[in-house]
1. How about region 247-305: which chymotrypsin sites (Phe, Trp or Tyr not before Pro) there lie in a loop by DSSP and see at most 11 other Cβ atoms within 10 Å?
2. For a Förster distance of 35 Å, can you work out the FRET efficiency between the beta-carbons of residue 148 and residue 361, rounded to the nearest 0.05?
3. So what J values fall out for region 140-151 if you push phi through Karplus, 6.51 cos²θ - 1.76 cosθ + 1.60 with θ = phi - 60°, rounded to Hz, Gly and Pro as x?
4. Between region 160-215 and region 252-319, how far is it from one alpha carbon centroid to the other, in angstrom?
5. With a cut-off of 17 Å, note down the residues of region 197-231 whose backbone N falls inside the zone around a label point 7 Å from the Cα of residue 126 toward its beta carbon.
6. Where in region 371-409 does the amide nitrogen come within less than 11 Å of the point 7 Å from the Cα of residue 423, taken along Cα to Cβ?
7. At 1.4 Å probe radius, can you tell me the per residue accessible area of region 1-117 in Å²?
8. Grab the DSSP H runs of the chain that are 4 residues or longer, score each as -39,500 (n - 2.57), total them, divide by all residues and round the 222 nm result to the nearest 500 deg cm²/dmol.
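The values are calculated or read from the model by the stated rules, or taken from the named source; none is laboratory data. Everything numeric here is computed off the predicted structure, so don't read it as measured data. Cβ sites come from the backbone with ideal geometry, for glycine too, and all protein chains shown count toward neighbours. Side chains included, ligands, DNA and RNA excluded: accessible areas come from the protein's heavy atoms. Shrake-Rupley method; radii C 1.70, N 1.55, O 1.52, S 1.80 Å.
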Amino acid sequence: MRKNNKQPVIYRDILVEDYAAEGKSLARIDGKVVFIEKTVPGDVVDIQLLKNKKDWGEAWVLEYKKYSDERQTPFCEHFGTCGGCQWQMLPYAKQLQFKHQQVVDNLSRIAKVELPEILPIIGADAVKLYRNKVEYTFANKKYYTQQEFNQIKADGKDFKQVMMGSFGGFHAKGSFDKVVEINECHLQEEPTNKLRKSMVDFCRANNISFYDAKTHEGWLRGMMVRIATTGQIMINIMVGYDDSTLLNSLMEHINQHFPDITTILYTINTKWNDSIYDLTPIVFKGNGYILENLEEFQFKVSPKSFFQTNTKQAEKLYNVTRDFAELTGTQTVYDLYCGTGSIGIFVSHKAKKIIGVEVIDDAIGDAKENAALNNLDNCSFFVGDAEKVCNDEFFAKHGKPDVIITDPPRVGMSEKLVKKLLEIEAPLIVYVSCNPATQARDLAWLDEKYTVTKVQPVDMFPQTHHIENVVQLKLK
């Protein structure tokens, strides 16, 4: 076999010049644009190229020679290790500036359509403790940084013995079988940290095994915590196999020490992957769901429900969506990728009729329950691919849309659906996106018949590079 004797390409004392996108910044070296993670404009770094193309490259930092004046001290002790909150080193005003720039760059460079002036980004009032949902992982291996590893080695300890045990926290980036043991997470209000630590302590004291993702052994796998603005709390604990003795002892421990938890569930997951969407959570305490509010609307949130993870910012996002829809009470609104019906229900009081379409059957079941919970008789929800459901027969029965609201996943809309929207020719489209790059691609396709008339970025996730964007389009 031929050996690759290529020497690594290293550049020293490189000034990071600008923000790029998706959390990366860039430098320009000999006419080449190099994208660098974990840097901000103003940093001076030594880097090693990971990808080296003719006009661009990707690199990682070998050493920080000088930190940017724009940096601040992160408030979390786990910053840079757990993989979340990538932008804690940036003041929030600077985070908003870069997110707004990301929307401008994507829409202008990818969409290449005529754009109005993009409205100032809507920031969050709370930049900590804003998540209503957090998912923890329990594992039998702990992740250590290189510095921690070097210290263990210097102390003469056996690394394998130190690494193995029972740990609760988050996956480290790039490590599927080890977790960063979290002392305090600042994303969600208490009792989230107290609960996680109490479970770990209880299981350690009772020799309850934690999951090993490599060998597919061990019992305790994960926990989801949802805390609603209503004060209701739901937890769902994932375990690797059915053991009634272990389940009862852990559930009773939680119920005794955290009596304010509204509903407790557990899910037995014998699969290799962590997804629970093909599994059935079992109720130990409570109704198996909690209630959350968006303005005057109530929503039933179950363990497998999709619900925006920042409730207060969701209200702002949906307010923009409702304003962009320009509803007068006479329109039929189609809510595509409707999920559990949250957007359609939120705008329902200003619409004549809401027609929601979603491919996930369970989500449509939740949407129907949420409509009933709010006593809405003008909302109907249907299972299926929108490009297949929205045909002449469907329109004859339910009416053609005056307004289409679409809120696709990060991959954006399918090309078939975009073609269907061009065929339908609704007078107005409101496009809600969590990925301005794929949204920009779709806007280029829609440009055949639509003009972009309003653009509003909304920050849903402070301390991260993620950004939501709402676009209004009108038929030419």
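1. Details: sites: 266, 272, 277, 284, 289, 297, 299; in loops: 272, 277, 289.
Counting only loop positions with at most 11 other Cβ atoms within 10 Å, the chymotrypsin sites (Phe, Trp or Tyr not before Pro) in region 247-305 are 272, 277.
2. It comes to 0.15.
3. My calculation for region 140-151 gives 9, 10, 9, 8, 10, 6, 4, 5, 5, 4, 4, 5 Hz in order.
4. Cα centroid of region 160-215 versus Cα centroid of region 252-319: 20 Å apart.
5. 225-231
6. In region 371-409, the label zone of residue 423 (backbone N under 11 Å from the point 7 Å along Cα→Cβ) covers 387-393.
7. Value returned for region 1-117: 60 Å² of accessible area per residue.
8. Result for the chain, helices only: -7500 deg cm²/dmol.
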